[in-house]
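What follows is a short report on a single structure.
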Amino acid sequence: MHQVDTRVKKIIELLLDPPSASPQPTSLQPPSSSNVREGDGDDGDNVVDTKGPEEARPLTPYAEEGIDQSLFSKENKAHLDNYTCSICLMIPRNPVIFPCEAEHIFCEACIRGVRLCPLDRQARKQMPVRLLKGAVLRSYNALTLSCENGCEWRGTIADMKTHAKSCVKIPTLCKNRDCGKYFHHNDIPKHLLLCPYGSLHCSHCNAMIYKRKQRDHLEKCPKKKIKCDAGGDKCPVIEREKQEQHKTVCLYRIVSCSWKEYGCTYRCPRSQLHEHEKDAQTNKKHMEGVKNVIDALQ
């Protein structure tokens, strides 16, 4: 924390009171390491933050500018200042040399479009930023660090991208089109089982639907077999689209007497309607109703 505070103060002082003389170029000495080797300077994949519980929860993207210094081995601490971006205070994921006299190193994303060097306030020369090369690139690639995704891997920056292809905790984008969330690679199968944006075939009508809309679909699916709202378990379970037709023959549905238009107000289950209509006393009332209608028409 003290190192970060000192660097921030230095930047503020330089911005408020730029030096009159050009600073001497920073000396970039490669660390003495037996595993220093040639590298191609490729940056690692842009990944997302994997800090958090092991549950299949969405992850937050890492900043694209650089790699947290806390991931690097203790033996590299003395060399980190040579590669620390003075804007984000991280180790560049894609380091470039700014075209100023001191040739300061920054993240390519941080320095993009900048005209004055943030450290010495010198205007950039008439040339583009340059990639690291030679001994500087080799020493950068030889820096050792832990996996930023949280697995047990330890290796060099040069090997980081290769490791990312097999890292079980590499943040992986859900393949469902409208989800847009990242999860640990080994959590993806668990997430796909529950992802609300996953698609499935309705087991009743075979239509392709979103999982998150499954309940709404099942409440309207024409092929889903449901109970009769009148007979319940007494009636056969039939498809929703056939329910209207079933209502015309359901023995348990409450219906009006056939002589309703002649004044009978009796209502009963359809299975009991025949007994009502053949009853002698009831028939006498029905005939009186017919007579009243005829009299009213005369």
Original post:
So how much slack lies between Ala135 and Ser70, counting 0.36 nm per residue of separation and subtracting their Cα-Cα distance, in nm?
Top reply: 21.0 nm
Original post:
Accessible area of Ile87, 1.4 Å probe, to the nearest 10 Å²?
Top reply: 80
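So, for the range 132-224, what is the accessible surface per residue at a probe of 1.4 Å, expressed in square angstrom?
Values: 5360 Å² over 93 residues.
That works out to 58 Å² per residue.
Based on the Cα atoms of the range 176-298, what semi-axes does the equivalent ellipsoid have, where each is the square root of 5 times one gyration tensor eigenvalue, given in whole Å with the largest first?
Working: eigenvalues 631, 40, 17 Å².
Equivalent-ellipsoid dimensions as semi-axes: 56, 14, 9 Å.
Of the listed pairs Lys169/Lys213; Lys181/Lys211; Lys227/Lys247; Lys260/Lys285; Lys223/Lys247; Lys213/Lys242, which have alpha-carbon separations greater than 19 Å here?
Numbers: Lys169/Lys213 30 Å; Lys181/Lys211 16 Å; Lys227/Lys247 12 Å; Lys260/Lys285 11 Å; Lys223/Lys247 17 Å; Lys213/Lys242 23 Å.
Where the Cα-Cα span goes over 19 Å, the pairs concerned are Lys169/Lys213; Lys213/Lys242.
Express in nm, to one decimal, how much length is gained between Leu173 and Ser199 on full extension, taking 0.36 nm for each residue of separation and deducting their alpha carbon distance. Don't skip to the answer; put the middle values down first.
On the way: separation 26, 0.36 × 26 = 9.36 nm, distance 1.62 nm.
Additional length available on full extension: 7.7 nm.
The values are calculated or read from the model by the stated rules, or taken from the named source; none is laboratory data. No experiment lies behind these values; they were computed from the predicted model shown. All accessible areas refer to the heavy atoms of the entire protein, side chains included, with ligands and DNA or RNA removed. Shrake-Rupley method; radii C 1.70, N 1.55, O 1.52, S 1.80 Å.
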